[in-house]
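Here's the structure, in structure tokens; my notes come after.
The values are calculated or read from the model by the stated rules, or taken from the named source; none is laboratory data. Model, not experiment: these values are computed from the prediction. FYI the Cβ positions are ideal-geometry reconstructions off the backbone, even for glycines, and counts take in every protein chain you see.
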Amino acid sequence: MSDPEVSVLMPVWNGCRNGSDKFLRMSIESILNQTFENLEFIIVNDGSRDGTAGTIEEYKAKDPRIRIVTLPQNMGIQKALNAGLRECRARLVARQDADDMSTVTRLEVQKKFMDDRPATAMCGTGMYVINEDNKLVMEINDRPCNYVVVREALKERCVFVHGSVMFRKSAVLDVGGYSEEERVKHAEDYDLWVRLAKDYSVENIPGVILYFHRNHQSKIGNVYSAKQAAATKLIGGMARQTLASPPLQKIPG
Amino acid sequence: MPKYSVIMPAYNRALFLGRAVKSVTTQDCIGPGDIELIVVDDGSTDNTQDVLNGLISSEGKQIIRNVRVDHVGEPGTVRNIAIDQASGDFIAYCDSDDYWLPHHLATAGVWFKKNPGLGMVSNYWGFAHFWVENGQVRTRIIVPPHPTWAVNTNCRVHRKECVAKVGLFNTSKWGEDNDFFSRIENAFPCDKTGIVSSVNGYIQKGNNLTFQFDKGVRSQYY
């Protein structure tokens, strides 16, 4: 097989919910079913203690595009993401969360967008929110798209859906990858986008190409929401300083 | 020869037609030569024809075909007129008051590619209230009120050769779709993707926000 053009990066920690790996399976299959096929799928098992390892090994046996990175213990999403990022061989990296689904056209649309815009370091998209029965609950497609507007908006809030982004690996490594600092935990994505947006163009594609399971982001949604809000506030403050001066308009390597 | 023939009956749909047509012509990852849209205007008395001709100039003559017939009022009969003219390998349906999400055809395409023996693939649909405000169509997605409402006509993509085996739609004013698609399901292996890829609307009357499904005007709901 030729070298992959897109690496899909998915960390997973205890991907089964109430003993069922249904959502983990839907997430993995949504990548294996992509119309864009020349990809590698890096699944980082972040010390799961449920049935996650068995499920991902089962898919790996069926599809050679999957590679599994097994961490010896639960290291947290930031270290898991950086460990996975080191394994990514393609120049373009797409994030996938273990309880979201990508529409089948997601990678083809995003890769074309990135190919058409060599100066863009990252693109995100809107999302459909679905419930546990895969019924459509709402469509969220109100995020700013243009770099100038995005950069300004990042001073106030995170305007990217983490599981929807595709970025150039070289640009993310240039700004140091994901921060492993405790204080940005649960908002590590927002922290990275701010550092990336400082000198690189980052955009949202108008339109929606990701499904988001509203009831299954429970780890963030329930337990850590206060911590996430605090981290977001902290990063917002840092963002207003980081993004105060005009961008250097770097071109990704 | 196009890969997909999309069938869209329209009766007095001037207001909604643009959104429906554009949702078909802007499908992601489908080449312009791989799709034809056959709009059958069932004798509309509003300016559906003007709107359609405008769309044909903006979206491309080679993609959209305009078929105008005297008013029939039977959804099946109107769809049969389009099936007769379809030249694609696959037939899909988008009613003129509803719309597809951009991954609809590509999703079915992935399933047919994985399993070439399938006769029909069905996606899921989302549910919305549509209303008109200052001449613009507005949409509000809501969770379907009935748990079994997951698949309908707009979700279906089947091989054209299915029609040769099971025949056309019957001429009933309602229920014609269930009859037709269950004949395909009985004759061919079929699969459901479980993925929402179209939105169906029910039009609100006035300011009343409660769900209304007026069977008396069912013949207009296509």
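For the range A:150-176, which positions are among the aliphatic types (A, V, I, L, M) and modelled with pLDDT of 95 or more?
Matches in the range A:150-176: A:Val150, A:Ala153, A:Leu154, A:Val165, A:Met166, A:Ala171, A:Val172, A:Leu173, A:Val175.
Taking the stated definitions as given, is A:Thr35 assigned to a loop (DSSP other than H, G, I, E, B) and over 30 Å from A:Arg183 (Cβ atoms)? Give the derivation first.
On the way: assigned to a loop (DSSP other than H, G, I, E, B): yes; over 30 Å from A:Arg183 (Cβ atoms): yes.
Criteria met by A:Thr35.
Can you say whether A:Leu92 is touching a Lys or Arg at 6+ places or on another chain (Cβ under 9 Å) and of a type outside the set (Phe, Trp, Tyr), as far as the supplied structure shows?
Here the answer is yes, as A:Leu92 does meet what is asked.
Taking the range B:19-53 as the search range and keeping residues that are in a helix (DSSP H, G or I) and among the charged types (D, E, K, R), which one is nearest to A:Phe36 (Cα to Cα)?
The extreme case among them is B:Asp34.
Which ones in the range B:59-89 are of a type in the set (Gly, Ala, Ser), at pLDDT 95 or above and closer than 22 Å to B:Asn12 by Cβ?
B:Ala82
Within the range B:86-127, which residues are out of contact with any Asp or Glu (no Cβ under 9 Å at 6 or more places or on another chain), among the aliphatic types (A, V, I, L, M) and at the interface with chain A (Cβ under 9 Å from one of its Cβ atoms)?
Within the range B:86-127, just B:Val110 meets the criteria.
Give the range A:162-177 a look and list any residue that's surrounded by fewer than 21 Cβ atoms within 10 Å (Cβ to Cβ) and among the hydroxyl-bearing types (Ser, Thr, Tyr), or say none.
Scanning the range A:162-177 gives a single hit, A:Ser170.
Among the numbered conditions (1) touching a Phe, Trp or Tyr at 6+ places or on another chain (Cβ under 6 Å); (2) within 14 Å of chain B (Cβ to nearest Cβ), tell me where A:Asp99 comes up short.
(2)
Give me the pairs: first residue in the range B:61-73 and at positive phi, second residue at pLDDT below 90, beta-carbon distance under 6 Å, and six or more apart or on different chains, which are they?
Correct list of pairs: B:Gly73/B:Ser219.
Under 6 Å between Cβ atoms, at least 6 apart or on separate chains: pull out the pairs that start in the range A:132-154 with a residue that is closer than 26 Å to A:Leu24 by Cβ and β-branched (Val, Ile, Thr) and end on any residue that is at pLDDT below 85 and in a strand (DSSP E or B).
none
List pairs: first in the range A:91-108 and under 12 Å from B:Ala106 (Cα atoms), second of a type in the set (Lys, Arg), Cβ under 8 Å, 6+ apart or cross-chain?
none
Output the number of the condition that B:Asp97 fails; it satisfies all remaining conditions of (1) outside any strand (DSSP E or B); (2) over 19 Å from B:Val21 (Cβ atoms); (3) in contact with a strand residue (DSSP E or B) (Cβ under 9 Å, 6 or more places away or on another chain).
Only one criterion in (1) outside any strand (DSSP E or B); (2) over 19 Å from B:Val21 (Cβ atoms); (3) in contact with a strand residue (DSSP E or B) (Cβ under 9 Å, 6 or more places away or on another chain) is unmet by B:Asp97, namely (2).
With the structure loaded, tell me whether A:Ser245 is part of a loop (DSSP other than H, G, I, E, B), modelled with pLDDT of 95 or more and over 25 Å from A:Asn134 (Cα atoms) or whether it fails that test. Working first, answer last.
Values: part of a loop (DSSP other than H, G, I, E, B): yes; modelled with pLDDT of 95 or more: no; over 25 Å from A:Asn134 (Cα atoms): yes.
Against the criterion (part of a loop (DSSP other than H, G, I, E, B), modelled with pLDDT of 95 or more and over 25 Å from A:Asn134 (Cα atoms)), A:Ser245 does not qualify.
Please go through the range A:162-198 and pick out each residue that is in a loop (DSSP other than H, G, I, E, B), more than 22 Å from A:Leu107 (Cβ to Cβ) and in contact with a Cys (Cβ under 8 Å, 6 or more places away or on another chain).
Pass one, the range A:162-198, residues in a loop (DSSP other than H, G, I, E, B): A:165, A:175-181, A:185-187.
Checking which are more than 22 Å from A:Leu107 (Cβ to Cβ) leaves us with A:175-176, A:179-181, A:185-187.
Residue satisfying the conditions is A:Ala187 alone.
Yes or no: B:Val78 out of contact with any Gly (no Cβ under 7 Å at 6 or more places or on another chain), more than 29 Å from A:Glu139 (Cβ to Cβ) and among the hydrophobic types (A, V, I, L, M, F, W, C)? Steps first, please.
Numbers: out of contact with any Gly (no Cβ under 7 Å at 6 or more places or on another chain): yes; more than 29 Å from A:Glu139 (Cβ to Cβ): yes; among the hydrophobic types (A, V, I, L, M, F, W, C): yes.
When the stated conditions are applied, B:Val78 passes them.
Out of all the residues in the range B:79-90, is one or more buried (at least 23 other Cβ atoms within 10 Å of the Cβ) and either at positive phi or part of a strand (DSSP E or B) (or both)?
yes
I'm trying to understand the selection: among the residues of the range A:1-38, which are polar (S, T, N, Q) and within 12 Å of A:Ala98 (Cβ to Cβ)?
If the condition is that a residue be polar (S, T, N, Q) and within 12 Å of A:Ala98 (Cβ to Cβ), then A:Asn14, A:Ser27, A:Ser30 are the ones that fit.
Restricting attention to strands (runs of 3 or more DSSP E) lying wholly within the range B:110-222, give those where 1 or more residues are modelled with pLDDT of 95 or more and closer than 25 Å to B:Phe90 by Cα.
B:120-133, B:156-159, B:190-203
Okay, residues lined up against (1) over 17 Å from the mean Cα position of the chain (by Cα); (2) modelled with pLDDT under 95:
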{"residue": "A:Lys198", "(1), (2)": "yes, no"}
{"residue": "A:Asn204", "(1), (2)": "no, no"}
{"residue": "A:Ile209", "(1), (2)": "no, yes"}
{"residue": "A:His216", "(1), (2)": "no, yes"}
{"residue": "A:Lys219", "(1), (2)": "no, yes"}
{"residue": "A:Ala226", "(1), (2)": "yes, yes"}
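What's the number of the only condition in (1) away from chain A (no Cβ under 11 Å); (2) free of Cβ contacts under 8 Å to residues at least 60 places away in the same chain that B:Val143 fails to meet?
Exception for B:Val143: condition (1).
Given the conditions (1) at pLDDT 95 or above; (2) out of contact with any Phe, Trp or Tyr (no Cβ under 9 Å at 6 or more places or on another chain), which single one is not true for B:Val6?
With respect to (1) at pLDDT 95 or above; (2) out of contact with any Phe, Trp or Tyr (no Cβ under 9 Å at 6 or more places or on another chain), B:Val6 is out only on (2).
Which number in (1) over 25 Å from B:Thr171 (Cα atoms); (2) crowded, with 17+ Cβ neighbours inside 10 Å; (3) under 17 Å from the mean Cα position of the chain (by Cα) marks the one condition that B:Thr26 misses?
(2)
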